[in-house]
There are 2 protein chains.
Amino acid sequence: MLAAMLDDLIEANQRYAASFDGQGKAAPPTRRLAVLTCMDSRIDPAAILGLTTGEANVVRNAGGRVTTDTVRSLALGTGLLGLEWVVVMHHTDCALAGQSEESVRARLTAAGLTVSEAGQFMAMPDPDTALRDDVEALRRSPLLPRLHVVGWRYDVANGRVVEVVSAGDG
Amino acid sequence: MLAAMLDDLIEANQRYAASFDGQGKAAPPTRRLAVLTCMDSRIDPAAILGLTTGEANVVRNAGGRVTTDTVRSLALGTGLLGLEWVVVMHHTDCALAGQSEESVRARLTAAGLTVSEAGQFMAMPDPDTALRDDVEALRRSPLLPRLHVVGWRYDVANGRVVEVVSAGDG
């Protein structure tokens, strides 16, 4: 029964709440940092980067790509929460890496999803180019004038982060 | 110097990598679960719900709202990674809660951002309605035929999750 899994999560939450120590923390991230990364199950941004609650906003989607929704989120973070820094953190072995839009659409269709020709899934035929493009898109967004943006890649095989686009680039 | 903060993150990552235990984990989340939640700095979904790496996809944006990008991510998760369940987890004290689009735009403009009249920030004048709408949007998305979706709210004051929209609703 899959619903038993939801019960597991609620039980885990009761344990979390019993030793909750976040009382009185405010929404603005104390490091003025947002991490944009992939939804991949192997990525725990707080653990990977040593962040504790209250320190950073975390935005996640398939690929850690820059989209209209990402810009919406970071605009709100900048205007309402005082963000100054963004780490865009892609990762190795991403399901979108080395793919084309056509190959992703074909795989989704084969899996039984109804995918339109116009659907854009933000495949990354060349992962380094995609990461540079995403960093540039944030740097050039007219909605995000004040953010400093870097591009990193997390290696799911060994836990290491490497710099791909530094603060000085671009 | 803000760049020193990036050095902190890289140093923390070196410690993480030194004791990395995720080798050989695969991308498909073993719980066939995605958690959609807010980017808020006070939310650590893994800790709150007792999830370890490899168990769940995590999608985050401002509010934990359902957008075109959310649907893209969950379609990829369904078609490529075998997702079956989604927990939409909004939270108390969200910067978007109790706001209108107009009030959010006014606050962003006051903060110095160049916001167009057409900009949509997904404010939640009524948080319960917004959560129900988001759950319904996923349930009815033609791209996501197979997902079971529930709506929960996390209380940032005490660490507790409460159910708002159950698997049986709708």
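The values are calculated or read from the model by the stated rules, or taken from the named source; none is laboratory data. Note that this is a predicted model, so its numbers are computed, not measured. When we count neighbours, we look across all protein chains shown, and the Cβ atoms used for this are built from the backbone with ideal geometry, even at glycine. Surface areas here come from the heavy atoms of the whole protein model, side chains and all, with no ligands, DNA or RNA. Shrake-Rupley method; radii C 1.70, N 1.55, O 1.52, S 1.80 Å.
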Single residue of A:112, A:119, A:79 found to be surrounded by 15 or more Cβ atoms within 10 Å (Cβ to Cβ) and either in a loop (DSSP other than H, G, I, E, B) or charged (D, E, K, R) (or both): A:119
Set A:31, A:107: member being touching a helix residue (DSSP H, G or I) at 6+ places or on another chain (Cβ under 8 Å), under 24 Å from residue A:137 (Cα atoms) and of a type in the set (D, E, K, R): A:31
Condition first: acidic (Asp, Glu) and touching a helix residue (DSSP H, G or I) at 6+ places or on another chain (Cβ under 8 Å). Can you find one or more residues in segment B:45-65 that meet it? no
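Quick test for you: out of B:65, B:31, B:60, pick the one residue that is at negative phi and touching a residue at least 60 places away in the same chain (Cβ under 8 Å).
Details: B:31 fails: touching a residue at least 60 places away in the same chain (Cβ under 8 Å); B:60 fails: touching a residue at least 60 places away in the same chain (Cβ under 8 Å).
Of the residues listed, the single one that is at negative phi and touching a residue at least 60 places away in the same chain (Cβ under 8 Å) is B:65.
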Across segment A:1-25, what is the total count of residues that are touching a strand residue (DSSP E or B) at 6+ places or on another chain (Cβ under 8 Å), part of a helix (DSSP H, G or I) and modelled with pLDDT under 90? 0
Of everything in segment B:58-70 that's open to solvent by 10 Å² or more (accessible area, probe 1.4 Å) and not in a strand (DSSP E or B), which residue is farthest from the other protein chains (Cβ to nearest Cβ)? B:66
Facing chain A (nearest Cβ under 8 Å), open to solvent by 50 Å² or more (accessible area, probe 1.4 Å), assigned to a loop (DSSP other than H, G, I, E, B) and out of contact with any helix residue (DSSP H, G or I) (no Cβ under 8 Å at 6 or more places or on another chain) - does that describe any residue in segment B:85-96? yes
Which members of segment A:107-133 meet the condition of being more than 10 Å from every other protein chain (Cβ to nearest Cβ) and either at pLDDT 95 or above or within 14 Å of the chain's Cα centre (by Cα) (or both)? A:124, A:125, A:126, A:127, A:128, A:129, A:130, A:131, A:132, A:133
Across segment A:16-57, what is the number of residues that are out of contact with any Gly (no Cβ under 6 Å at 6 or more places or on another chain), more than 7 Å from chain B (Cβ to nearest Cβ) and open to solvent by 40 Å² or more (accessible area, probe 1.4 Å)? 6
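Regarding residue A:103, is this residue within 21 Å of residue A:68 (Cα to Cα), not in a strand (DSSP E or B) and not basic (Lys, Arg)?
On the way: within 21 Å of residue A:68 (Cα to Cα): no; not in a strand (DSSP E or B): yes; not basic (Lys, Arg): yes.
No: the conditions fail for residue A:103.
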With B:140, B:146 as the choices, which residue is within 16 Å of residue B:84 (Cβ to Cβ) and open to solvent by 40 Å² or more (accessible area, probe 1.4 Å)? B:146
Restricting the first residue to segment B:146-170 and requiring it to be within 16 Å of residue A:5 (Cβ to Cβ) and facing another protein chain (nearest Cβ under 9 Å), which pairs with a second residue that is open to solvent by less than 40 Å² (accessible area, probe 1.4 Å) and part of a loop (DSSP other than H, G, I, E, B) meet a Cβ separation below 7 Å and a spacing of at least six or different chains? B:150/B:166
Within segment B:98-106, identify whether any single residue is away from every other protein chain (no Cβ under 12 Å), under 19 Å from the mean Cα position of the chain (by Cα) and either of a type outside the set (D, E, K, R) or over 14 Å from residue B:36 (Cα atoms) (or both), and answer yes or no. yes
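Can you report the number of residues in segment A:75-108 which are among the small types (Gly, Ala, Ser), farther than 16 Å from residue A:151 by Cβ and touching a residue at least 24 places away in the same chain (Cβ under 8 Å)? Write out each step before concluding.
Residues of segment A:75-108 among the small types (Gly, Ala, Ser): A:75, A:77, A:79, A:82, A:95, A:97-98, A:100, A:103, A:106.
After this cut, where a residue has to be farther than 16 Å from residue A:151 by Cβ as well, the list is A:75, A:77, A:79, A:82, A:95, A:98, A:100, A:103, A:106.
If we keep only those that are touching a residue at least 24 places away in the same chain (Cβ under 8 Å) as well, we get A:75, A:77, A:82, A:95, A:98, A:100.
Residues meeting the conditions: 6.
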